[in-house]
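Accompanying notes for the structure given below.
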Amino acid sequence: MKLYNIMFIVIFMFVVGNLIFVSKHKHLLIILLSLEFLVLSVFLFMLFILSYMQMNMYMLMVFLVFSVCEGALGLSILVSMIRTHGNDYFQSFNLL
């Protein structure tokens, strides 16, 4: 495939992930999954750009480490919210 076709797919993934993140705000799990989808699209974007420019891939490893830490933090927040409130609805979670 050509590079611009791949970049179009990655940009489409990013836009779809943002639309899901903005529109589905009822459950915390769906929001966390859309954030992971956004991280995956940014990772693919960085992978194709760095390989196209023939640069080293050390920054991708750092990005993957931070994305794994972000996913673990999101899951721990989800588990603590389910233990304290009984579900992952945002309506039952009072921020004040």
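Where a number appears in this text, it was derived from the coordinates with a stated rule and is not lab data. Keep in mind the model is a prediction, meaning the values are calculated, not measured. All Cβ positions, glycine included, derive from the backbone under ideal geometry; neighbour counts span all protein chains shown.
The sole residue among Met61, Met57 that is touching a helix residue (DSSP H, G or I) at 6+ places or on another chain (Cβ under 7 Å) and either touching a residue at least 40 places away in the same chain (Cβ under 8 Å) or not β-branched (Val, Ile, Thr) (or both) is Met57.
Rundown of residues vs (1) of a type in the set (Lys, Arg); (2) closer than 19 Å to Leu3 by Cβ; (3) without any contact (Cβ under 8 Å) to a residue 12 or more places away in the chain; (4) out of contact with any strand residue (DSSP E or B) (no Cβ under 7 Å at 6 or more places or on another chain), yes/no style:
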| position | (1), (2), (3), (4) |
| --- | --- |
| Asn18 | no, no, no, yes |
| Val22 | no, no, yes, yes |
| Ile30 | no, no, yes, yes |
| Ser51 | no, yes, yes, yes |
| Ser76 | no, no, yes, yes |
| Ser80 | no, no, yes, yes |
